Every structure is written in structure tokens, then in C-alpha cells.
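Asker: A single structure is presented below for examination.
All of the numbers you see were taken from the coordinates with simple rules; none came from a lab. Keep in mind that this is a model prediction, so the values were computed, not measured. Neighbour counts run over all protein chains shown; Cβ positions are idealised from the backbone, glycine included.
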Amino acid sequence: MKLVNLSPAICALLSSAAIAGCGSSTPPPNAVEARSAISAAEATGAQSDPVAALHLQMAKDQVRAADELIREGDRDEARLVLDRAEVDAELAQVLTRKSEMRARAQQAQQEIQRLQQSVQP
């Protein structure tokens, strides 16, 4: 019988703890993914491609802005800014690879033309 009486009390306690947990602030945004994407873009040489460098710089600026938003307590906006930073850094990396692939394709095309000319009488 006592267990039946305690059960509503425990349920009430757990419910209030859950409600209190929902009301607490969200965990701080984590900039690790954005910073990692920035490092990866830098490692691929994004600074050497003008458009990629622009996106890389935007990503860096956004991480700084997110840091400020976190200090101001605007975690939700900081999370969105960090997401944009990560995407911009990834775009910088992709644009850099695209430029590299285009340069390799041009070199291959030139080599093909050179070989074709050397075979012709």
C-alpha cells in the first residue's frame, strides 16, 4: 500500500524535475565543427583561390560573431551563425578542390594535344 502512495509522489517529483530541465537554458553552442571545417579549408589551400578565400574569411568572421553572441547569451543565434560558418568553410574547401581539378584537367588536355601533335606526320 505504501508503494502505491509513494508512486504519485515520485511521479510528481520526476515531473517537476523534467519541467525544470525543459525550462533551463540550452547547452552552449559548440564551435568545434566550424573551426574544424575552417582548418580543413586552410589545409586544402583555400587562401589561394579568390572565391574560396572569400568564403573562408566569411567563416572565420562568423565564428568570431558567434563567440560574441555566446558571450551576450544569445545561444540560439550563435548556433545558427556557427552552422553558416561551417557551411562556408566547407564551400571554401569544395571550391578549392574544384579549382585544382580544373587545373589538372587543363594540364591533361594540353598533354593530349601535345601527344596528338607528336603523332601526326
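Asker: Between Asp83 and Glu111, what length in nm is gained on full extension when 0.36 nm per residue of separation is reduced by their alpha carbon distance?
Answerer: Using 0.36 nm per residue and subtracting the Cα-Cα distance, I get 5.9 nm.
Asker: Report the calculated FRET efficiency for Arg71 and Glu33 (r = Cβ-Cβ distance, R0 = 25 Å), to the nearest 0.05.
Answerer: 0.80
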